[in-house]
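The values are calculated or read from the model by the stated rules, or taken from the named source; none is laboratory data. All figures in this text were calculated on a predicted structure; none of them were measured in a lab. As a convention, Cβ positions derive from the backbone with ideal geometry for all residues, glycine included, and neighbour counts pool all protein chains shown.
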Amino acid sequence: MSKQIKCGVIGHPITHSKSPLIHNYWINTYGLNGIYEAIDVAPENLETGVKRLIDEGYKGFNVTVPHKETIMALCDKIDHNAQNIGAVNTVVIENGRLRGMNTDGYGFLHNIWDTDPNFDFEDKCAVVLGAGGATRAIVSALIGERIGKIILLNRTRERAENLAEDMGKVGNFITVEDWKNRHAVLTTADLLVNTTALGMQGQPVLEIDLGKLPVHALVNDIVYAPLDTDLLKAARVRGNKTVTGIGMLLHQARPAFKEWFGLLPGVTDELNELVLK
Ligand SMILES: NC(=O)c1ccc[n+]([C@@H]2O[C@H](COP(=O)([O-])OP(=O)(O)OC[C@H]3O[C@@H](n4cnc5c(N)ncnc54)[C@H](OP(=O)(O)O)[C@@H]3O)[C@@H](O)[C@H]2O)c1
């Protein structure tokens, strides 16, 4: 029998993570000899925690809060995309060396294409709400798809400006606007994405008037608890196509699984239901 492939997710806390459910579903579905574990690693134990995984022959691991940035210092190699985003969510261990990647942007794009396979980002205008970690991955992915224009709005404007500057496109096609202008800027949008925590269970609602949003615009909320957010409900009522956030979570796991198991797994209705239970 082939040697068991060991991988997992490190974070602190880690019990909430859906990643073990997703990866173990694929391990079982494809009949692979593998195991994916949730591994609690406190910030002060990051280096020793990672060393243990190397010593125990792990093939790699996902990285979640609070290690997505600090893990970068321990990586021997970081791909261009993760470097650009400034965060690593997937590590591949090769001969004791760590290679860091970020698959959140892949998850974002493939989630949109799951709903609208012909959605072409090129030369489109995206209004992006937020400027947190997830926003960085999404903006980077949009740039990779040759988006025409990004209008970025965040409660803390400075954070949006820093993000735009880090992406090296200030004054070019990323425009930063004041948060209070989020209703008015919708007139030119082909895509509206909420990447803030607003609308998530336990968080305040996202207050936005969609009146000026063209009906052809696609609306994506990356919040997935609840799945059907108030933003998506309001968009659907006025005839806009909507995309929920759960697919981003599922799709971002696929390239990591492929790195470790050599197979790009599929996102099925059964997996969707399992994760939403
Ligand atoms: N679907 C997926 O796969 C996926 C992946 C990653 C994240 N997410 C979801 O995306 C959301 C953001 O995650 P993250 O990791 O990017 O978090 P983060 O780095 O902490 O960023 C949080 C963002 O939400 C904004 N925000 C929070 N409270 C706000 C409020 N009361 N009013 C206005 N803006 C507020 C923040 O604005 P300030 O800068 O002003 O604080 C910031 O832009 C979370 O709901 C998370 O669950 C989903």
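Quick rundown of the values:
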item: Matching entry among VAL223, VAL205, VAL215 (being among the β-branched types (Val, Ile, Thr), more than 22 Å from VAL275 (Cβ to Cβ), within 12 Å of the ligand (Cβ to nearest atom) and part of a loop (DSSP other than H, G, I, E, B)); result: VAL205
item: Number of the exception - ASN181 against (1) modelled with pLDDT of 95 or more; (2) closer than 15 Å to CYS125 by Cα; result: (2)
item: Tally of residues being within 25 Å of GLY148 (Cα to Cα) and either in contact with a Lys or Arg (Cβ under 8 Å, 6 or more places away or on another chain) or surrounded by 18 or more Cβ atoms within 10 Å (Cβ to Cβ) (or both) across region 190-215; result: 11
item: Counted residues, region 10-64 - those being surrounded by 13 or more Cβ atoms within 10 Å (Cβ to Cβ) and either of a type in the set (Val, Ile, Thr) or in contact (Cβ under 8 Å) with a residue 40 or more places away in the chain (or both); result: 30
item: Residues within region 1-39 that are assigned to a loop (DSSP other than H, G, I, E, B) and either in contact with a Gly (Cβ under 8 Å, 6 or more places away or on another chain) or aliphatic (A, V, I, L, M) (or both), tallied; result: 5
item: HIS80, sole failed condition from (1) modelled with pLDDT under 95; (2) in contact with a Leu (Cβ under 9 Å, 6 or more places away or on another chain); (3) of a type outside the set (Val, Ile, Thr); result: (2)
item: Pairs where the first residue, in region 254-277, is closer than 14 Å to PRO20 by Cα and the second is among the aromatic types (Phe, Trp, Tyr) and part of a helix (DSSP H, G or I), C-beta under 9 Å, 6+ apart; result: ARG254/TRP26; ARG254/TYR106; PHE257/TRP26; LEU271/TYR25; LEU271/TRP26; LEU274/TYR25; VAL275/TYR25
item: Answer from GLU69, GLU44 - the residue that is among the acidic types (Asp, Glu) and within 17 Å of GLY133 (Cα to Cα); result: GLU69
item: Looking only at region 73-93, and only at residues there that are surrounded by fewer than 20 Cβ atoms within 10 Å (Cβ to Cβ) and within 16 Å of the ligand (Cβ to nearest atom), the one that is farthest from LEU109 (Cα to Cα); result: GLY86
item: Residue in region 146-156 that is among the small types (Gly, Ala, Ser), touching a Phe, Trp or Tyr at 6+ places or on another chain (Cβ under 9 Å) and surrounded by fewer than 23 Cβ atoms within 10 Å (Cβ to Cβ) present; result: yes
item: Filter pass, GLY96 being closer than 26 Å to LEU198 by Cβ and among the small types (Gly, Ala, Ser); result: no
